[in-house]
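As structure tokens, the structure follows; a few thoughts come after it.
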Amino acid sequence: SNYDFISVLFLTFFLLFLALFPGAFNCCTKISDEIPKGILRRVERLEIQKAHGLCHLEAVILYVENKKFCVSPRIRKVKKLMKKMKYKIHRRKLHARKQRRTRITKKKRTEK
């Protein structure tokens, strides 16, 4: 019937949406205006959530030991951290060390 076709079509699009935007249902819906220093020190990585995306709220997502903290991007300490972490990532890309081949030098046998 027509109804079955529409529901299958809807389900297909829904699953496609989930596959394309895995973060869509993982948004920060509330943000904190302050963050303890202890948490800031242990941040492993951060993500920036933009307001014009799927989440409709500007936030900085801090990841600390499998926990997520949603904070305001306007916090001074968070801004500093963003700069620091961006700088680290940026530098790592610029100075990708070329692996030097270590030459094995054979020791000359001293003949008696």
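The values are calculated or read from the model by the stated rules, or taken from the named source; none is laboratory data. What you see is a predicted model, and the numbers here were worked out from it, not measured in a lab. Neighbour counts are summed over all protein chains in view; Cβ atoms, including those assigned to glycine, are modelled from backbone coordinates with ideal geometry. Keep in mind that these areas ignore ligands, DNA and RNA; they rest on the heavy atoms of the full protein, side chains included. Shrake-Rupley method; radii C 1.70, N 1.55, O 1.52, S 1.80 Å.
When the stretch 38-56 is filtered for residues that are open to solvent by less than 80 Å² (accessible area, probe 1.4 Å) and outside any loop (DSSP other than H, G, I, E, B), the ones remaining, listed by number, are GLY38, ILE39, LEU40, LEU46, GLU47, GLN49.
A single member of ILE75, ILE89 is among the aliphatic types (A, V, I, L, M), at negative phi and at pLDDT below 65, and it is ILE89.
The single condition among (1) open to solvent by 30 Å² or more (accessible area, probe 1.4 Å); (2) over 16 Å from the mean Cα position of the chain (by Cα) that ILE35 does not satisfy is (1). From the residues in the stretch 57-71 that are in a loop (DSSP other than H, G, I, E, B) and out of contact with any Ser or Thr (no Cβ under 7 Å at 6 or more places or on another chain), which one is nearest to LYS86 (Cα to Cα)? Filtering the stretch 57-71 for residues that are in a loop (DSSP other than H, G, I, E, B) and out of contact with any Ser or Thr (no Cβ under 7 Å at 6 or more places or on another chain), the one nearest to LYS86 (Cα to Cα) comes out as GLU58. Cβ contacts < 6 Å: first residue more than 17 Å from LYS30 (Cβ to Cβ), restricted to the stretch 43-70; second residue surrounded by 12 or more Cβ atoms within 10 Å (Cβ to Cβ) and of a type in the set (Gly, Ala, Ser), any location; separation 6+ or different chain. Result? Going by the 6 Å Cβ cut-off, there are no qualifying pairs.
Conditions (1) in contact with a helix residue (DSSP H, G or I) (Cβ under 7 Å, 6 or more places away or on another chain); (2) farther than 18 Å from LYS86 by Cα; (3) at pLDDT 90 or above, marked per residue:
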residue: PHE5; (1), (2), (3): no, yes, no
residue: PHE10; (1), (2), (3): no, yes, no
residue: PHE13; (1), (2), (3): no, yes, no
residue: LEU16; (1), (2), (3): no, yes, no
residue: PRO22; (1), (2), (3): no, yes, no
residue: PHE25; (1), (2), (3): no, yes, no
residue: VAL43; (1), (2), (3): yes, no, yes
residue: LYS50; (1), (2), (3): no, no, no
residue: CYS55; (1), (2), (3): no, yes, no
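Here THR29 does not fit the description of being in a helix (DSSP H, G or I), loosely packed, with under 12 Cβ neighbours inside 10 Å and at pLDDT 65 or above.
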